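Written out below as structure tokens is the structure these notes cover.
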Amino acid sequence: MENEIDTIVLQDEEGKEIEFEVITKLDIEKDEYIIVAPVDDEDADAIALKIVTDSEGTEVLVTVDDEEEYELVLEAYSAIFSDETLN
């Protein structure tokens, strides 16, 4: 996935389109993730999405449901942003 994307539009379970700000992209081992937050909802939590390639070769975003994988992403995210606040 390109690193220069600022926002993406995703559909919720009801088919409603929601615009998300891309906070950061993370490369962890062989996997890629993005952290996004809804543009119109300042109180909403950020969401971790994994970038996977489907059977047709298209990159798609999937939620990180595995608890261990989520913790790994959270650790990487926290490390990046704690390093930025120290500089």
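We did not get these values from a lab; they are worked out from the coordinates using the rules stated. As the structure is a computational prediction, the values presented were derived from the model and not from experiment. No Cβ is skipped: glycine too gets one built from the backbone with ideal geometry, and neighbour counts run over all protein chains shown.
Given the rule -39500 (n - 2.57) for each run of at least 4 DSSP H residues, summed and divided by the residues of the chain, what is its mean residue ellipticity at 222 nm, to the nearest 500 deg cm²/dmol?
-8000 deg cm²/dmol
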Worksheet item: Can you list the lysines whose alpha carbon sits under 23 Å from that of Lys16, skipping same-chain ones fewer than 8 residues off?
Response: Lys50
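Order by neighbour count: Lys30, Lys16, Lys25, fewest other Cβ atoms within 10 Å first, most last. Provide the component values of the computation, followed by the final result.
Values: Lys30 5, Lys16 8, Lys25 15.
Placing the least packed residue first, the sequence is Lys30, Lys16, Lys25.
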Worksheet item: Percent relative contact order of the chain, based on C-alpha pairs within less than 8 angstrom and at least six residues apart?
Response: 17
